[in-house]
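Note sheet for the following structure.
The values are calculated or read from the model by the stated rules, or taken from the named source; none is laboratory data. For clarity, every value in this text was computed on a predicted model and none was experimentally measured. Cβ placement follows ideal geometry from the backbone for every residue including glycine, while neighbour counts extend to all protein chains displayed.
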Amino acid sequence: MPDALLKVENLKKYYPIRSGVFRRVNNYVKAVDGVSFEIKAGENFGLVGESACGKTTLGRTVLNLHEPTAGRVTFNGNVLFDVEAKQEMDQKSIQSMRKDMQIIFQDPFASLDPRWNVGRIISEGLIQHKILEGKAAWARAEELLELCGLDKSNALKFPHEFSGGQRQRIGIARSIAVNPKFIVGDEPIAALDVSIQAQILKLLQKLIHELNLTFLFISHDLNVVRYFCDRIGVMYLGNLVEVATSDQLFENTMHPYSKALLAAIPGKGDPKKRIILKGDVPSPAAPPPGCKFHTRCASAMPICSKAAPEFKDQGGGHMVACHLYD
Ligand code: SF4
């Protein structure tokens, strides 16, 4: 088995902006703008950044739920897609890959079909992928409910009969039903009450350990990601600006944007020395030239507005894109 379960190379996802009578494309929203990283088998990789930085689009494009604009993604040694080489999997391999790669959505209210009972929601994947059918699929759905902390009698109920935390448990049961190798958690606790978030995180940790899962955890909350992940990637305006182990990132933060995110965590560091980010995130349709962060960076130098910094290993796999370390 390859060392990296998931390998993402120069991935881009642009959305066209159309205008005029003929709806011509006159610009693009560069939601993901050339992102490369790897996730090893059994690793939990966190992806953080402010809203609209492209992290959710990245997670979904990796799974091919959004059509990629450019780049290549390899999963378990097989090319999922390679836009430049015009290479895509055949339908049969895509089906098998879909089974191995699942997603937990942010909104447990919107992600469950209100017309289906919970047993049917959870067993759908088992039937679709021809793993189990009939009573056996139903019995497995009941087992999965119990594994996720809900009584099996809930299989007959409908989504509206549950609280937000319970619905997220159902969403998690659905995502693990087909024995995936890899799960994208797209802000899986962001829509929940604070009191419930810790319970769901504990459940996810238990399942990751017991089922030997590899996880991409997307979040805007660095504290949560630290608690949960082995390595963390920090995203800004469609690019990764820093990738490091959780310890490296918290003990030796290098990129000025990561420093600002960390400083914003309540109770961390001296409030008087807190780095306050200037201005709003620029539009991904008109990103600043050079380093995209230069319009908000307190350490910006003349070169920063002219040339984009390279994403370089600063030692021990600690990757940073910043001219301060050239
Ligand atoms: Fe700041 Fe320049 Fe580094 Fe960008 S390259 S983060 S503007 S110092």
Can you say whether residue 105 is of a type in the set (Phe, Trp, Tyr) and touching a Lys or Arg at 6+ places or on another chain (Cβ under 9 Å), as far as the supplied structure shows?
no
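When you go through 51, 123, 36 one by one, which is the residue that is modelled with pLDDT under 90 and of a type in the set (Ser, Thr, Tyr)?
Details: 123 fails: modelled with pLDDT under 90; 36 fails: modelled with pLDDT under 90.
Going through 51, 123, 36 in turn, the sole match is 51.
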Might you let me know whether segment 158-171 holds any residue that is of a type in the set (Ser, Thr, Tyr), buried (at least 21 other Cβ atoms within 10 Å of the Cβ) and at negative phi?
no
Residues of segment 304-326 being part of a loop (DSSP other than H, G, I, E, B), near the ligand (Cβ under 9 Å from one of its atoms) and modelled with pLDDT of 95 or more, which ones?
307, 308, 309, 322
Which numbered condition residue 273 fails, given (1) more than 15 Å from the ligand (Cβ to nearest atom); (2) at pLDDT 95 or above:
(2)
What residue, of 291, 304, is touching a strand residue (DSSP E or B) at 6+ places or on another chain (Cβ under 9 Å), free of Cβ contacts under 8 Å to residues at least 40 places away in the same chain, buried (at least 20 other Cβ atoms within 10 Å of the Cβ) and more than 23 Å from residue 204 (Cβ to Cβ)?
291
Anything in segment 276-303 that is on the phi < 0 side of the Ramachandran plot and more than 10 Å from the ligand (Cβ to nearest atom)? List them, or say none.
276, 277, 278, 280, 281, 282, 283, 284, 285, 286, 287, 289
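For the condition closer than 26 Å to residue 50 by Cβ, among the aromatic types (Phe, Trp, Tyr) and out of contact with any Gly (no Cβ under 9 Å at 6 or more places or on another chain), what is the one hit in 162, 215, 182, 158?
Going through 162, 215, 182, 158 in turn, the sole match is 182.
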All but one of (1) within 23 Å of residue 187 (Cβ to Cβ); (2) out of contact with any helix residue (DSSP H, G or I) (no Cβ under 8 Å at 6 or more places or on another chain) hold for residue 31; state the number of the condition that does not hold.
(2)
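Among the residues of segment 222-243, which ones are within 16 Å of the ligand (Cβ to nearest atom) and either in contact with a Lys or Arg (Cβ under 6 Å, 6 or more places away or on another chain) or under 24 Å from residue 207 (Cα atoms) (or both)?
To start, the set of residues in segment 222-243 that are within 16 Å of the ligand (Cβ to nearest atom) comprises 233-243.
Those that are within 16 Å of the ligand (Cβ to nearest atom) and either in contact with a Lys or Arg (Cβ under 6 Å, 6 or more places away or on another chain) or under 24 Å from residue 207 (Cα atoms) (or both): 233, 235, 237, 238.
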Hey, any hits in segment 191-205 for a residue that's crowded, with 17+ Cβ neighbours inside 10 Å, of a type in the set (Val, Ile, Thr) and not in a helix (DSSP H, G or I)?
no
